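Have a look at the structure below before the remarks.
The values are calculated or read from the model by the stated rules, or taken from the named source; none is laboratory data. Bear in mind the structure is a predicted one, so any value in this text is a computation, not a measurement. Backbone-built Cβ (ideal geometry, glycine too); neighbour counts: all protein chains shown. Accessible surface is based on the protein model in full, side chains and every heavy atom, while ligands, DNA and RNA are left aside. Shrake-Rupley method; radii C 1.70, N 1.55, O 1.52, S 1.80 Å.
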Amino acid sequence: MADELILNHQDLNNLHRHYINLTCVDSGEHARESNGGKPKRYNFSAFVVDVEGVLLAITAGHVFEELRQAVALGSILSDWAIDDSMVSDHGFPAYPVDVNLDKDILFFHEDGLDYGAYLLDPMASIALEKSGIVPVRKEQWDSEDLEEFSFWTLVGLPTQFATLSHDRPSLKSHVTVRVMHLPERPGDLLPTKHSRLFARVDFESVAEWERQFDIGGMSGGPVFGTRLPPQGSAYDYRLIGIQSAWDNRENVAMCAAQPFFRALAQMIRGRRDNQRGE
């Protein structure tokens, strides 16, 4: 393993401070049947972004689509919370939030579009700020120099490295792994109408693991770009994409972040203009 790829938490803190987990409990019949009769906790990789002064929790759109489908089939979701344990060791439980899948969520999951956004209420935003979570700012997602930031890093929580409990603290080992841009779509990732970004996972860049692992659970995690491997605390970075899919081997597909956030910004500005005109 190259020395420059063995990064500690301090090197990666600039990136980690944007990351959260969205989590909830399913007490429906199917969940109990698959979990020894107990309610089942779900965990989703996500991150916080500031769009026109509005704070949003961002994840993959298929997360919310699958949850809606599960509810239609009998899932009973409750105990929604935001977990900031990647950057905080305060020992408190995950911060509880209200999530209404019909009112609080905007998502797209269709033929290459895989975006989801949850509006954070002011109290949740304050709690996250106190824990050290900061939103990705406009200068990091709306710049025109993304090609200069070619060292890509994916942040997330593989389900393989999580022990989730519905009524006790969950144990999680988050992962930050280098992903190397691929100019063409790998054969095992399906073609889509809307273009995606592709990369190969450099499993050896994870110092604690050093071999291939299952990245399932990292969907919705952010992909950041830096000019060089991130070291120290003074480096610049950009938000490149949102993890969407992988081929169960070493290749991933992600959705470009910038088009989604620009569309959200336009929508937010439009609503504000309409409110002023009323």
>> From the mean inverse distance of alpha carbon pairs (Kirkwood) and the Cα radius of gyration, derive Rg over Rh for the chain.
In response: 0.95
>> Full-extension gain between Glu147 and Arg276, please, as 0.36 nm times their residue separation minus the C-alpha to C-alpha distance.
In response: 42.6 nm
>> Please list, by residue number, every one of the trypsin sites (Lys or Arg not before Pro) in region 132-204 that is coil in DSSP and has at most 16 other beta-carbon atoms within 10 Å.
In response: Arg137, Lys193
>> On a full-extension model of 0.36 nm per residue, what is the gain between Asp167 and Met123, subtracting their alpha-carbon distance, rounded to one decimal in nm?
In response: 13.5 nm
>> Cβ neighbours within 10 Å, averaged per peptide: list 39-49, 141-151, 20-30 in order, most packed at the top.
In response: 39-49, 20-30, 141-151
> So how do Leu113, Leu119, Leu12 rank on accessible area, 1.4 Å probe, biggest first, that is with the largest at the start?
Replying inline: Leu119, Leu113, Leu12
> Under a straight-distance cross-link criterion of Cα-Cα below 14 Å, which aspartates and glutamates are reachable from Lys40, leaving out those fewer than 8 residues away in the same chain?
Replying inline: Asp26, Glu29, Asp79, Asp167
> Ranked from the most accessible area to the least, with a 1.4 Å probe and all protein chains present, what is the order of Met180, Met123, Met218?
Replying inline: Met123, Met180, Met218
>> Could you compute the net charge surrounding Asp145? Neighbours are other residues with a C-beta less than 13 Å from the C-beta of Asp145; K and R count +1, D and E count -1.
In response: -4
>> If amide hydrogens are placed 1.01 Å from N in the peptide plane, which non-local residues have theirs closer than 5 Å to the one on Val51?
In response: Leu56
>> On a 1.4 Å probe surface of the protein chains, which of Asp98, Asp79 comes out largest in accessible area, and what is the full order?
In response: Asp98, Asp79
> Where does the charge balance sit around Leu73 when Lys and Arg score +1, Asp and Glu -1, over other residues with C-beta under 15 Å from its C-beta?
Replying inline: -2
> With a sphere of radius 9 Å drawn around the Cβ of Leu189, what net charge do the other residues whose Cβ falls strictly inside it have (Lys, Arg +1; Asp, Glu -1)?
Replying inline: 0
> In whole Å, how far is the Cα centre of region 41-111 from that of region 138-207?
Replying inline: 18 Å
> Near Lys138, which aspartates and glutamates are there with a Cα under 19 Å away, not counting those fewer than 8 places off in the same chain?
Replying inline: Asp50, Glu52, Glu129, Glu147, Glu148, Asp236
>> So, for the chain, what is the accessible surface per residue at a probe of 1.4 Å, expressed in square angstrom?
In response: 51 Å²
> Please state the relative contact order of region 139-264 as a whole percent: Cα pairs under 8 Å, 6+ residues apart?
Replying inline: 31 percent
> In whole percent, how big is the carbon plus sulfur part of the accessible area of region 37-149, probe 1.4 Å, protein atoms only?
Replying inline: 53 percent
>> Rounded to the nearest 20 debye, what is the charge dipole size of region 58-111 about its Cα centre when +1 sits on each Lys and Arg Cβ and -1 on each Asp and Glu Cβ?
In response: 120 debye
> What are the DSSP H helices in the chain that stretch 15 Å or more along their long axis, judged by alpha-carbon atoms, and whose average Kyte-Doolittle hydropathy comes to at least -0.5?
Replying inline: 61-72
